[in-house]
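Input: a single structure, listed below in structure tokens.
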């Protein structure tokens, strides 16, 4: 009896094992054919976000430093349009960008008031400076910015202007106006170039120009120009982020743009911005939404 029972149990066990093996093989075949049993899913393709921004955020290297963090966190690919602020605003106005990072407070406010942008927030700041030859033929070193511009005009020293409707150009024109000067003549040369190229042109001509500090620091090893005027309260340079109004353009990646703005204002990213340096010098200072101009 015991031997017979043993034989019977062995037969049952063998049948069960065979059944389990057949189920596993069938499941494997179904998975191989892409059946619902396949729990593996293809990763979502990254969202594309178009950022129109001023040349200083690009030329300084800041965007290369911070944007990979956003792309990784939010499964996105950021396409950067490096433009003067005026052109960046026009790009947003036409719906050819999803979000803007620019530095012309008055123009930014007008852009929002006219309904082209929403959700403007103040991200960071640095300052503008006037740079020129070490020997400083107009003798402007250490003067206030209005007094310095007046001296450049009086002496007819060559001044290179971006002349591109950028935030820097807008600021420069407002300072000439404050000095009561309508710049023109052979000494005042508009080059229609980005900040980095303008600095290089001014260096080649041993001329004066106005720059944002971040781009100058990034380029100072490529030029002999030195900082001559700085620290004037009127030289503050504030950057703001603005969402392009999706109600005006059906192609706007509104969700990705909001994610980008929120990410820029997050404590982690604000700290990241403040940690960006060149040659040991900080280039931008986080504002955490606290506007200092406009």
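Annotations for the structure displayed:
Quick grid of which residues meet (1) surrounded by 21 or more Cβ atoms within 10 Å (Cβ to Cβ); (2) closer than 26 Å to residue 291 by Cα:
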position	(1), (2)
60	yes, yes
63	no, yes
93	no, yes
122	yes, yes
147	no, no
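- Filter pass, residue 138 being part of a loop (DSSP other than H, G, I, E, B) and touching a residue at least 60 places away in the same chain (Cβ under 8 Å): yes
- Which numbered condition residue 146 misses (of (1) within 30 Å of residue 67 (Cβ to Cβ); (2) not in a loop (DSSP other than H, G, I, E, B)): (1)
- Cβ-Cβ under 6 Å pairs, at least 6 apart or on other chains, region 248-259 side surrounded by fewer than 19 Cβ atoms within 10 Å (Cβ to Cβ), far side outside any helix (DSSP H, G or I): 249/95; 254/246
- Those helices (runs of 4 or more DSSP H) lying entirely in region 207-294 with at least 2 residues in the same structural domain as residue 150 (by TED's automatic domain parsing) and under 18 Å from the mean Cα position of the chain (by Cα): 213-219
- Among the candidates 156, 163, residue that is touching a helix residue (DSSP H, G or I) at 6+ places or on another chain (Cβ under 8 Å), free of Cβ contacts under 8 Å to residues at least 60 places away in the same chain and surrounded by fewer than 21 Cβ atoms within 10 Å (Cβ to Cβ): 163
- Out of 185, 156, 194, sole residue that is in the same structural domain as residue 227 (by TED's automatic domain parsing), at pLDDT below 95 and more than 28 Å from residue 261 (Cα to Cα): 185
- Among the residues of region 154-167, those that are in contact with a strand residue (DSSP E or B) (Cβ under 8 Å, 6 or more places away or on another chain) and farther than 20 Å from residue 204 by Cα comprise 166, 167.
- Which listed residue is in a helix (DSSP H, G or I), in contact with a strand residue (DSSP E or B) (Cβ under 9 Å, 6 or more places away or on another chain) and surrounded by fewer than 22 Cβ atoms within 10 Å (Cβ to Cβ), from 79, 72, 87: 87
- Residue within region 162-174 that is within 30 Å of residue 51 (Cβ to Cβ) and assigned to a strand (DSSP E or B) present: no
- Failed criterion for residue 118 (all others in (1) within 16 Å of the chain's Cα centre (by Cα); (2) in a strand (DSSP E or B) hold): (1)
- When residue 173 is tested against (1) within 21 Å of residue 89 (Cβ to Cβ); (2) buried (at least 17 other Cβ atoms within 10 Å of the Cβ), only condition (2) is not met.
- Among the candidates 83, 63, the residue that is closer than 15 Å to residue 283 by Cβ and assigned by TED's automatic domain parsing to the domain that holds residue 272 is uniquely 63.
- Residues of region 249-273 satisfying the condition of being under 15 Å from residue 124 (Cβ atoms) and out of contact with any helix residue (DSSP H, G or I) (no Cβ under 7 Å at 6 or more places or on another chain): 261, 264, 265, 266, 267, 268, 270, 271
The values are calculated or read from the model by the stated rules, or taken from the named source; none is laboratory data. None of these values were measured; they are calculated from a predicted model. Note that each Cβ is placed from the backbone with ideal geometry, even for glycine, and that neighbours are counted across all protein chains shown.
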